[in-house]
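Worksheet: one structure, shown below.
Just so you know, all these numbers are worked out from the coordinates, no wet-lab data involved. Remember, it's a predicted structure, so these values are computed and weren't measured experimentally. Glycine gets a Cβ as well: all are built from the backbone with ideal geometry, and neighbour counts include every protein chain shown.
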Amino acid sequence: MRSKLLARGASSLDDYEVLEVLLMAFIPRRDVKPIAKALQARFGSLSAILAAPSRDLVQVPGIGETVAAYLKAIAELNARASRESIQKKTAISSWSALVEYVRTELQHEKREQFRILFLDRKNQLIADEVMGHGTVDHAPVYTREVARRALELHASALILVHNHPSGDTTPSRADIDVTREIIDALDPFDITVHDHLIAGTGGVTSLKAAGLI
């Protein structure tokens, strides 16, 4: 498998084969193909495997705490690499990288989470902050707190981000209303809301692209 990867490139491998290569390093002198396939069967996708809590990973036969820790380290490397792709860059011109970052960060969250990307005058990322945690279908966000934090950071623009744990990224009436409230609250301060992105296992939906803001 290692020879195949080196000769043809990692893209030539199936998902379970990529897992197999990793597991060979973590679990030497053992046939790890059944473990790789068990991980894929249990979680359904590579992204779901990396997003899974350690307590769920160790339920798969052959995965102990050490291997689970290695997989979580890989997940963190993936998240940091995605974050690097939008830091120190103009977020609006790196839109595909931004959408991938949002998808990576939020698509497998089990509870709804409302985050804000604060941007400077050059549309470069100042901060990515969680403004609200919630239940499986609701995360409270307080417009006054959003405005206060934007002013503290001297932000010139925002991108609103949250997830739908159901996987369906169709904007709800509440999603549209809270976006409008934030836009109206920030308008007197000349702070722009560029977009509101909703992430889920179904992808990422832009309210702006959908003509909803």
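Work out, step by step, the length gained on full extension between Ala79 and Lys4: first 0.36 nm times the residue separation, then minus their alpha carbon distance; give nm to one decimal.
Contour length minus Cα-Cα distance gives 24.3 nm.
Can you tell me which of Ser82, Ser156, Ser12 moves the most in a GNM of the chain? Springs connect C-alpha atoms under 10 Å apart.
Of Ser82, Ser156, Ser12, the most mobile in the Gaussian network model is Ser12.
Hey, any idea what Rg/Rh is for the chain, computing Rh the Kirkwood way over Cα pairs? Display every interim value, and only then the final one.
Working: Rg = 19.7 Å, Rh = 18.9 Å.
Using only Cα positions, Rg/Rh for the chain is 1.05.
If the chain between Lys33 and His154 were fully stretched, how many nm would it gain, using 0.36 nm times the residue separation less the Cα-Cα distance? Please list the in-between numbers first.
On the way: separation 121, 0.36 × 121 = 43.56 nm, distance 5.16 nm.
38.4 nm is the gain from fully extending Lys33 to His154.
Between Thr143 and Ala48, how many nm apart are label points set 7 Å from Cα along the C-beta direction?
That separation, rounded to one decimal, is 3.8 nm.
Measure off 7 Å from each Cα along the Cα-to-Cβ vector at Val21 and Gln124, then give the distance between these two points in nanometres to one decimal.
Between Val21 and Gln124, the simple spin-label model gives 3.4 nm.
If you count, for each residue, the other Cβ atoms within 10 Å and average over each peptide, how do 95-107, 59-71 line up from highest to lowest? Write down the numbers at each step before the final one.
Details: 95-107: 19.2, 59-71: 15.8.
Top to bottom by mean Cβ count within 10 Å: 95-107, 59-71.
Calculate the FRET efficiency for Leu13 and Phe189 from the Cβ-Cβ distance with a Förster distance of 41 Å, rounded to the nearest 0.05. Write out the running numbers ahead of the final one.
Working: r = 50 Å, r/R0 = 1.23.
Result of the calculation: an efficiency of 0.20.
Between Ser172 and Thr66, how high is the FRET efficiency from 1/(1 + (r/R0)^6) when r is the Cβ-Cβ distance and R₀ = 30 Å? Nearest 0.05. Don't skip to the end; give the middle numbers.
On the way: r = 42 Å, r/R0 = 1.39.
Efficiency computed from Cβ-Cβ geometry: 0.10.
Assign one of three labels to segment 117-201, namely rounded, prolate or oblate, based on the Cα gyration tensor with a ≥ b ≥ c the square roots of its eigenvalues; rounded applies when a/c is under 1.5, prolate when it is not and a/b is larger than b/c, and oblate otherwise.
Values: a/c = 1.92, a/b = 1.68, b/c = 1.14.
Cα axes put segment 117-201 in the prolate bin.
Quickly estimate the mean residue ellipticity at 222 nm for the chain, helices only: each DSSP H run with n ≥ 4 gives -39500 (n - 2.57), and the total goes over all residues, rounded to 500.
Details: 9 runs with 96 residues, N = 213.
The helix contribution divided over the chain gives -13500 deg cm²/dmol.
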